[in-house]
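The values are calculated or read from the model by the stated rules, or taken from the named source; none is laboratory data. Treat the numbers as computed from the prediction; the structure is a model and nothing was measured. Methodologically, a virtual Cβ is constructed for each residue, glycine included, from the backbone with ideal geometry; neighbour enumeration extends over all protein chains shown. Quick note on the areas: whole protein, heavy atoms, side chains included, nothing else; ligands and nucleic acids left out. Shrake-Rupley method; radii C 1.70, N 1.55, O 1.52, S 1.80 Å.
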Amino acid sequence: MTSAVSNSTTTMMFIRPATQAYFRQAANSCSTIATATRGGSRRAIVANAPALPSSALASVGTSSSSSTQRRGFADATTGSPWEKFTMAPPDPIIGLTEAYLKDDFPDKVNVGVGAYRDDSGKPFVLPVVRDAEREINLENLDHEYSGIAGCPSFVDHALKFVYGENSAPLKEKRIAGVQTLSGTGGLRVFGEVLNRFGHKHIYVPNPTWGNHIPIFTNAGLEVRKYRYYDNESCSLDFSNLIDDIKAMPEGSCILLHACAHNPTGMDPTLEQWKEISNVAMEKNLLPFFDSAYQGFASGDARKDAAAVRMFVEDGHKIAVVQSFSKNFGLYGQRVGALSVVADTADESQRVVSQLKVHIRPNYSNPPRHGARIVSKILACPEKTNDFVDQCMGMANRIDGMRTTLRKALEDLGSSRSWDHITKQIGMFAYSGMSKDEVIALREKHHIYCTLDGRISMAGVTSNNVEYIARAIYDVTDKK
Ligand code: PLA
């Protein structure tokens, strides 16, 4: 068997706004290397590079008490400690929004970052979120610190949301849960905890959300990839996925997207999840679910949690990180949770204590407001129903746009097949466009999507879908 389980490269593409040359340079660059002089020796700082070794961190930590090291860091001629810092590349996803905002073309389109827009292209605040906020405002709450593990009632609701009210380990108080700085913060905390408790590597799907790689690298883990997607057939590469899982060292941690895989929009079927669960059990793997789109994917939160719940029922001691950015539309409020299924209630308390050890020196404790909103909604059956309807409304609008975009491309007479656009689910269409086509889309038509051809369907509206289809047709068929 030839396994593609491989060490990741941490190369990340980047884009810059202004000129064609800029875009070309971005597309061709794998990393940006800057050099800094520190303590007399030159070090290479690579964009999205692995975390500094602990010896280097130690010297950073002590530099403030050492005038020699301070002098070594400063430039000899100007004396500025920052002289040698070169401009880092923009983030491959968030950097697109920055470039889009600078573009003054009237029909520009941002389908880069996965942030939901209503059909008029505006950011959408769920009405039930507005209601909850109004009630919270009337309560005249204070702004005291939260606990390190966050708001306990939020954590309770978050766990029920993903594991289900009737989850056995939940009832037996065997699930260790903490509030986190949204999904990203939970991923980072758990990455650090894995590293602290002896894991040297983590497996992520290829492809995966780009930020997974620097998150885990910075947490001290080597990021390895398992095969996930077949670009030829635009579908799940299931047999190679299973082969790669079988080739993983016993006990490895494997990151799985709970639903609406980012960027491909292709999830395993329930039968395929079962097979993954069985193989993971044979290899004694630690399944770690990134659940960033629960409810947002199919419109049904229970359905979107099916894989997580199946793995728990199969007896895996999984970990789950939840984001409430997309489903509740609380992007900037940074609402998330991290949880771990333990053997006993006592063990789960010990796990929480260790999670707190990592959170405290990191960001001390999480923000309150967004967690209060989610708690308020999930504590009230009526509000929960409103949430379900409104979340379904977002999922349905995206689904409708998938059909419209595909049809528009077909009506234009595109020579390519676009049926994967409607086969995929969740926020993104993994279009299959090449890097050059994506760049042409941006340069000629002011449409911003990521260099891997991922289109955020959440930014496609009745007003821009025709324009997007014509532009895609132009860069893929006409060239
Ligand atoms: N996990 C996955 C799979 C994600 O797609 C995202 C967000 C996160 C975690 C983190 O979300 P949070 O920290 O806001 O909870 N991905 C977005 C945004 C939607 C981003 O890149 O930050 C994306 O455009 O891919």
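On full extension, the segment bounded by E271 and N140 gains 42.2 nm, given 0.36 nm per residue less the C-alpha separation. Approximating the spin labels as points 7 Å out from Cα along Cα→Cβ, the S235-to-A88 distance works out to 4.1 nm.
Taking all protein chains together and a 1.4 Å probe, the residues R130, R117, R309 rank R130, R117, R309 from largest to smallest accessible area. One decimal place: the segment K435-D300 gains 45.2 nm when fully extended, by the rule 0.36 nm per residue minus the C-alpha distance. Cα-based radius of gyration for the stretch 385-445, normalised by 2.2 N^0.38 Å, reads 1.36. The modelled label-to-label distance for the pair T344/V357, using points 7 Å beyond Cα in the direction of Cβ, is 1.9 nm. Shape class for the stretch 71-180, computed from the alpha carbon gyration tensor (a ≥ b ≥ c): oblate, with a/c not under 1.5 and a/b at or below b/c. Counting only residues at least eight positions apart within a chain, or on another chain, the lysines with an alpha carbon under 20 Å from that of K376 are K160, K326.
Evaluate E = 1/(1 + (r/R0)^6) for F197 and E282, where r is the Cβ-Cβ distance and R0 equals 22 Å; express this FRET efficiency to the nearest 0.05. According to the calculation, E is roughly 0.50. Quick check: from the Cα gyration tensor, does the stretch 431-479 come out rounded (a/c under 1.5), prolate or oblate? It comes out oblate by the Cα gyration axes. When the residues Y226, Y473 are ordered by accessible surface, computed with a 1.4 Å probe over the protein chains alone, the sequence from largest down reads Y473, Y226.
Evaluating 6.51 cos²θ - 1.76 cosθ + 1.60 at θ = phi - 60° for every residue in the stretch 356-369, the Karplus couplings come out as 5, 4, 7, 6, 3, x, 8, 9, 6, 6, x, x, 8, 4 Hz, glycine and proline recorded as x.
Using heavy atoms of the protein chains and a probe of 1.4 Å, the accessible area assigned to W209 is about 50 Å².
The convex hull defined by the C-alpha atoms of the stretch 263-384 has an orientation-averaged projected area of 9.2 nm². Is the stretch 365-479 best put as rounded, prolate or oblate by its Cα gyration tensor, with a ≥ b ≥ c the root eigenvalues, rounded for a/c under 1.5, and otherwise prolate when a/b is larger than b/c, oblate when not? Prolate, because a/c is 1.5 or more and a/b exceeds b/c.
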